[in-house]
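A short worksheet on the structure shown next.
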Amino acid sequence: MGTGHPGPGGIGAREIDHVGIAVRDLDSAVELYAKVLGAEPAHREVMAHDGVEEVLFRVGSSYVQLLAPTGPDTPVGRFLERRGEGVHHVGYRVPDVAAAIAALKQEGVPMVDDRPRPGSRGTTVAFAHPRGFGGVLVELVEEGAP
């Protein structure tokens, strides 16, 4: 291949799991998105190890994920300081996060997470560095057992 990116087969992405949006005021953002989308939040969770509180709105089979930092010295807190509110990352639903990590590493895509780790709502996740995806932070998401 030689392009530095997985080709056919790749990471096995089945669909967009979510679009992560960084916000400063989670409750205000929830109110806005509930009104605009005409939907109630599907999930709310504090992910202490990631330094975020999230709220998910279901849109079709995917989610809009609102992310607020639990403090300024967290990844989302630093993102907000540098870039302000807006799209933070795109999450792709994959059948096997470990296999997706291996496929990306084989193609030279830099990873934030070298191993799968627990995500919200019982998922398993890993992040790929924006350098490997044209400036976009990418999250690999494997759904947990139903």
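The values are calculated or read from the model by the stated rules, or taken from the named source; none is laboratory data. All of these numbers come straight from a predicted model, not from anything done at the bench. Here the Cβ is made from the backbone with ideal geometry for all residues, glycine too, and neighbour counts use every protein chain on show. Surface accessibility is based on the protein's heavy atoms, side chains included, excluding ligands, DNA and RNA. Shrake-Rupley method; radii C 1.70, N 1.55, O 1.52, S 1.80 Å.
Results, tabulated for the structure shown:
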{"quantity": "Where N is the number of residues in region 30-93, Cα Rg divided by 2.2 N^0.38 Å", "calculated": "1.14"}
{"quantity": "The chain, relative contact order in percent, only Cα pairs under 8 angstrom and at least six apart counted", "calculated": "26"}
{"quantity": "Projected label distance in nm at residue 131 and residue 115, using a 7 Å step from Cα toward the beta-carbon", "calculated": "2.3"}
{"quantity": "Euclidean distance between Cα centres, region 125-146 to region 42-68, Å", "calculated": "15"}
{"quantity": "Within region 38-146: Cβ-based charge dipole about Cα centre, in debye rounded to nearest 20 (Lys, Arg +1; Asp, Glu -1)", "calculated": "180"}
{"quantity": "Net length gained if the chain between residue 83 and residue 14 were fully extended (0.36 nm per residue, minus Cα distance)", "calculated": "21.9 nm"}
{"quantity": "Kirkwood hydrodynamic radius of the chain, Cα pairs, Å", "calculated": "15.7"}
{"quantity": "Among 30, 100, 20 - extreme Cα towards positive end, dipole of the chain, charges at beta-carbon", "calculated": "100"}
{"quantity": "Carbon/sulfur fraction of accessible area - the chain, other protein chains in place, 1.4 Å, %", "calculated": "53"}
